[in-house]
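Note sheet for the following structure.
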Amino acid sequence: MNIRAACFDLDGTLVDTELLWARATFDYLYETSGPRVQKDFDAPSTKNWSQSSLWTGLEIVKEHKGAPNDDVGVVEFIAHYTVKEKPFDHHEIASFEKHNGNWVFVDGRILGTDPVRRDAPKIGRNDPCPCNSGKKYKKCCAGKAAE
């Protein structure tokens, strides 16, 4: 069975994904992280985040390597959760390595929509209006743009 988004327990046995999300405590996240990740681990923030989230599912999009005989594995996944009843999706490509025979998280790249890029510079409220009326943008076309 291939690695499935850190679904191997510390001893290398496969963990059911529902059990994994039920155990998604900050302690477990720390224990299953590689040394470099542990060095930068922010326990108070992670604990707060973990306790305020209700995990609702895990979708494995793609996996590469991560078989029992491999030393590395990559998993693309989408974790579904809610915060204050608002649904969220965490889409990530995560890299794992075996350390002392145990799978640990070593790096991740969060995927999402690209930020909106403007074709032209933003017009400030106090800038001259681009319609060349001589008025400030806020007193001229700003109201029309909102309509």
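The values are calculated or read from the model by the stated rules, or taken from the named source; none is laboratory data. Computed from a predicted model, the values in this text were never measured in an experiment. Quick reminder, even Gly has a Cβ in these numbers, built from the backbone with ideal geometry, and neighbours come from all protein chains shown. Note: areas computed on protein heavy atoms with side chains; ligands, DNA, RNA excluded. Shrake-Rupley method; radii C 1.70, N 1.55, O 1.52, S 1.80 Å.
State which residue pairs qualify: first residue more than 30 Å from K138 (Cβ to Cβ) and inside segment 99-127, second residue at pLDDT below 90 and open to solvent by 100 Å² or more (accessible area, probe 1.4 Å) in any location, beta carbons under 8 Å apart, and separation of 6 or more residues or different chains.
N102/D11
List the pairs whose first member sits in segment 26-48 and is more than 9 Å from F105 (Cα to Cα), whose second member is open to solvent by 60 Å² or more (accessible area, probe 1.4 Å), and whose Cβ atoms are under 6 Å apart, counting only residues at least 6 apart or on separate chains?
What qualifies is F26/K47; F41/Y30.
Taking segment 40-98, which residues are among the hydroxyl-bearing types (S, T, Y), closer than 17 Å to L29 by Cα and under 14 Å from the mean Cα position of the chain (by Cα)?
T46, S50, S53, Y81, S95
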